[in-house]
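Undergrad: This structure is in structure tokens; I'll ask about it shortly.
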Amino acid sequence: MTKASDPASLYRSRLAERQAEARALDAQAHRIGTARLVTFLSGLALGWAIVGPGWLTSWWLVIPAIVFAGLVMAHDRVILSRDRVRRGVAWYERALARIDDTWPGQGPAGGHFADPEHLYAQDLDLFGDGSLFQLLCTAQTSGGEQTLADWLTAPAGVDEVRLRQGAAIELRPNTLFRERLATAGAEARDKVQPAALEAWATAPPVAAGVWPRVLAGGLSLLVVTTIIAWNAGAPVLAPIVALLALGVFARRWAKPTTEVMTGASAPAAELTVLGEVSGVVRAERFETPRLRDLAEGLGTANGELGEAARRLRRLVELYDWQRNMMFAPLAALLCWQLHLAFAVEAWRTRHGAQVSGWLRRIGEMEALSALGTYAFEHPDDPFPEMAAATGVSRYEATALTHPLLPAATAVANDVRLGTEPRVLVVSGSNMSGKTTFLRSIGVSVVMALMGAPVRARQLRLSPLAIGATLRIEDSLQAGRSRFYTEVLRLGQVVAQARSEPTLFLFDELFHGTNSHDRTEGARGLLDSLLRLDAIGLVTTHDLALSEIGDQLAPAAANMHFDDLLVDQEMRFDYRLKPGPVTRSNALAIMRAVGLDIPVAEPPDPEAS
């Protein structure tokens, strides 16, 4: 791989550029700050010259006032630019952490998406610190995080997977777009609450009707006209009556219009953030259908999302004007709050139904950007080949490893499930790699069916639902033992297999019961799943359970992981091998950690 195409080299180069930009903007902000101070002190000196000795006229203060105002605006622009560049620095630092395998604990962990009742999310470490979600997630909005979580927990169909793959492939080399998408408005993105924003946008109008706006305008005009007439010598009664009528009317509408305007404050800020993100998306030219559709959907019949958001934000800012003591009397005469409230309600009527679509599209764009980022940072990981559902489920992986393991140390294995065998019974000693192997398969299916590349040399699979029992625990609150919890989960997997093609991943099946019941239960369960055309794997360190693989052949096959004890130290090669394991290492591990486990003496032939 050339340096130009090496993700780490490109990231380090861009990181150095952003750091240099941040230093330059820091220096510029310092210079402007110094100029502001000098201008302010100059104004004080001119004020002294005007008020004290009277050397100058007050017009001289106009110059420092104008200069100071210009410097304030320039300083604000520089600070905004510097903050955006700093976010770029953080973005590239986290990207390098992902490449260097130092990413666990950095970025959103998605723990709030974890559902212990889900058929595989907890078993495959999809959420939490060091999870697949944390590795993949570059989204900055909660909508983007939700979309990514949904893709992890709900496999897509073949056509949808291919559309996502095409979008990720287009976004993969476009690091500048992905950086701009991640840094636009990021300082306020955590304030965007999709559910609350949608509820506000689609709620019934609080202030509705044409006549109140017309009457408000008429009363305001009447008050101004009568005041002018009074100043010209007309009786004072007319403006008093007009003011009383306006006061009664304003009091009648004070509560609903206040509710409208205070309720619009947070949505206006949130939509401004979405407008910034939309601006980044709309400025890009896309080739793939999915990306083009998402970008076009961020437009409106009345202009861009950003323009609509700015109009709403402007209405909220105008509402804040009436808090100014100088403007408040005029605002009262003009029914300022009522007119603004009706303008907000008109905005909701025009754009409210579109808000949910905007949120969905921005969330999906962020999720696709996350897939493109992962593809760019893992150039050796291929996009899997999706096979159409033909009645025979299949999963064929070459050189498969787990994406959460460091690539330099992970051991690759080949796996093939389809017509024969459809089930692998994987035996092996403790710590030999059985559970990690199951997780590698499960995670590869999750990533494949969300549209992401996979950690393998090659993967071909058909659409599959997943059911797993890798992390079954008892529940004190629900009054369930581990065994009963496992049985309930197995029942859910069988029910799923009745309705859709299923890949099952069972770790230490029926671990909480005796060997006879475990063997008979496992045989019956696997026979049922085979009749339902499911495919999958069962791991065990119970040598008796490996007999099932021979009994169900050729639909099932035995495989194993083994180990070697060298100088009281267990060594594993983590290589999948054919046939059942022939020995156990439990006693050896006990002795290796210092437990006083006696070595069994061989039987005495004479004693028998």
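The values are calculated or read from the model by the stated rules, or taken from the named source; none is laboratory data. Keep in mind that this is a model prediction, so the values were computed, not measured. Cβ: placed from backbone, ideal geometry, glycine included. Neighbour counts: every protein chain shown.
Undergrad: Counting only residues that are outside any helix (DSSP H, G or I) and touching a Leu at 6+ places or on another chain (Cβ under 8 Å), which one in the stretch 186-208 is modelled with the highest pLDDT?
TA: That would be VAL192.
Undergrad: Among the numbered criteria (1) in a helix (DSSP H, G or I); (2) over 24 Å from the mean Cα position of the chain (by Cα); (3) not basic (Lys, Arg), which single criterion is violated by MET365?
TA: (2)
Undergrad: Something else: Please identify the pairs in which a residue from the stretch 473-492 that is at pLDDT below 65 has its Cβ atom under 7 Å from the Cβ atom of a residue that is exposed (fewer than 15 other Cβ atoms within 10 Å of the Cβ) and among the polar types (S, T, N, Q), counting only partners at least 6 apart or on another chain.
TA: ASP474/SER481
Undergrad: Could you check the stretch 145-169 and list, in sequence order, the residues that are among the aliphatic types (A, V, I, L, M) and outside any loop (DSSP other than H, G, I, E, B)?
TA: Of everything in the stretch 145-169, those that are among the aliphatic types (A, V, I, L, M) and outside any loop (DSSP other than H, G, I, E, B) turn out to be LEU148, ALA149, LEU152, VAL158, VAL161, LEU163, ALA167, ALA168, ILE169.
Undergrad: Would you check which residues across the stretch 114-144 are surrounded by 23 or more Cβ atoms within 10 Å (Cβ to Cβ), in contact (Cβ under 8 Å) with a residue 40 or more places away in the chain, under 9 Å from the mean Cα position of the chain (by Cα) and in a helix (DSSP H, G or I) and list them?
TA: Hits for the stretch 114-144 are LEU136, GLY143, GLY144.
Undergrad: If you don't mind, there's one more thing I want to ask. When you scan the stretch 380-403, how many residues do you find that are farther than 28 Å from ALA497 by Cα and either in contact with a Leu (Cβ under 9 Å, 6 or more places away or on another chain) or aliphatic (A, V, I, L, M) (or both)?
TA: 1
Undergrad: Report whether or not LEU470 is at pLDDT below 95 and buried (at least 18 other Cβ atoms within 10 Å of the Cβ).
TA: Yes.
Undergrad: Is it the case, given these coordinates, that SER393 is outside any helix (DSSP H, G or I), buried (at least 24 other Cβ atoms within 10 Å of the Cβ) and of a type outside the set (Val, Ile, Thr)?
TA: When the stated conditions are applied, SER393 passes them.
Undergrad: Scan the stretch 493-531 residue by residue and report those that are within 21 Å of GLY157 (Cα to Cα), loosely packed, with under 15 Cβ neighbours inside 10 Å and in contact (Cβ under 8 Å) with a residue 24 or more places away in the chain.
TA: ARG498, GLU500 - these are the residues of the stretch 493-531 that are within 21 Å of GLY157 (Cα to Cα), loosely packed, with under 15 Cβ neighbours inside 10 Å and in contact (Cβ under 8 Å) with a residue 24 or more places away in the chain.
Undergrad: When residues of the stretch 495-531 are filtered for being at pLDDT below 90 and aliphatic (A, V, I, L, M), how many remain?
TA: Of the residues in the stretch 495-531, 2 are at pLDDT below 90 and aliphatic (A, V, I, L, M).
Undergrad: Next question. Evaluate the following for TRP253: is it in contact with a Pro (Cβ under 8 Å, 6 or more places away or on another chain) and in contact (Cβ under 8 Å) with a residue 40 or more places away in the chain?
TA: yes
Undergrad: Sticking with this structure for a sec: Does any residue of the stretch 480-491 turn out to be surrounded by fewer than 23 Cβ atoms within 10 Å (Cβ to Cβ) and assigned to a loop (DSSP other than H, G, I, E, B)?
TA: The answer is yes, given that some residue of the stretch 480-491 is surrounded by fewer than 23 Cβ atoms within 10 Å (Cβ to Cβ) and assigned to a loop (DSSP other than H, G, I, E, B).
Undergrad: OK, next. Which residues, taken from the stretch 35-67, are assigned to a loop (DSSP other than H, G, I, E, B) and surrounded by 12 or more Cβ atoms within 10 Å (Cβ to Cβ)?
TA: LEU56
Rundown of residues vs (1) assigned to a loop (DSSP other than H, G, I, E, B); (2) crowded, with 24+ Cβ neighbours inside 10 Å, yes/no style:
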| position | (1), (2) |
| --- | --- |
| GLU420 | yes, no |
| VAL425 | no, yes |
| PHE437 | no, yes |
| SER444 | no, yes |
| GLY451 | yes, yes |
| ARG455 | yes, yes |
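Undergrad: Then there's this: Mind counting the residues in the stretch 84-113 that are in contact with a helix residue (DSSP H, G or I) (Cβ under 7 Å, 6 or more places away or on another chain), outside any loop (DSSP other than H, G, I, E, B) and not hydroxyl-bearing (Ser, Thr, Tyr)?
TA: Going through the stretch 84-113 one residue at a time, the tally reaches 13.
Undergrad: I've got another one for you. Out of all the residues in the stretch 532-540, is one or more at pLDDT 85 or above and assigned to a helix (DSSP H, G or I)?
TA: The answer is no, given that none of the residues of the stretch 532-540 is at pLDDT 85 or above and assigned to a helix (DSSP H, G or I).
Undergrad: Same structure, new question: Is the stretch 202-216 home to any residue that is on the phi > 0 side of the Ramachandran plot and either in contact with a Pro (Cβ under 9 Å, 6 or more places away or on another chain) or not assigned by TED's automatic domain parsing to the domain that holds ALA8 (or both)?
TA: For the stretch 202-216, residues on the phi > 0 side of the Ramachandran plot and either in contact with a Pro (Cβ under 9 Å, 6 or more places away or on another chain) or not assigned by TED's automatic domain parsing to the domain that holds ALA8 (or both): present.
Undergrad: Let me ask something else. How do the pairs read when you match residues in the stretch 6-27 that are on the phi < 0 side of the Ramachandran plot and without any contact (Cβ under 8 Å) to a residue 40 or more places away in the chain with residues anywhere that are assigned to a helix (DSSP H, G or I) and of a type outside the set (A, V, I, L, M), using Cβ under 8 Å and keeping only pairs 6 or more apart or on different chains?
TA: Short answer, once both residue conditions are applied: SER9/LYS3.
Undergrad: Okay, next question. Could you check ALA109 against (1) surrounded by 21 or more Cβ atoms within 10 Å (Cβ to Cβ); (2) touching a Ser or Thr at 6+ places or on another chain (Cβ under 7 Å); (3) aliphatic (A, V, I, L, M) and say which number it fails?
TA: (1)
Undergrad: Report whether or not MET570 is modelled with pLDDT under 80, part of a strand (DSSP E or B), on the phi < 0 side of the Ramachandran plot and aliphatic (A, V, I, L, M).
TA: When the stated conditions are applied, MET570 passes them.
Undergrad: Name the pairs whose Cβ atoms lie under 7 Å apart, with the first residue in the stretch 346-364 and in contact (Cβ under 8 Å) with a residue 60 or more places away in the chain, the second loosely packed, with under 14 Cβ neighbours inside 10 Å and assigned to a helix (DSSP H, G or I), and 6 or more positions between them or separate chains?
TA: Pairs found: GLY352/THR202; ALA353/THR202.
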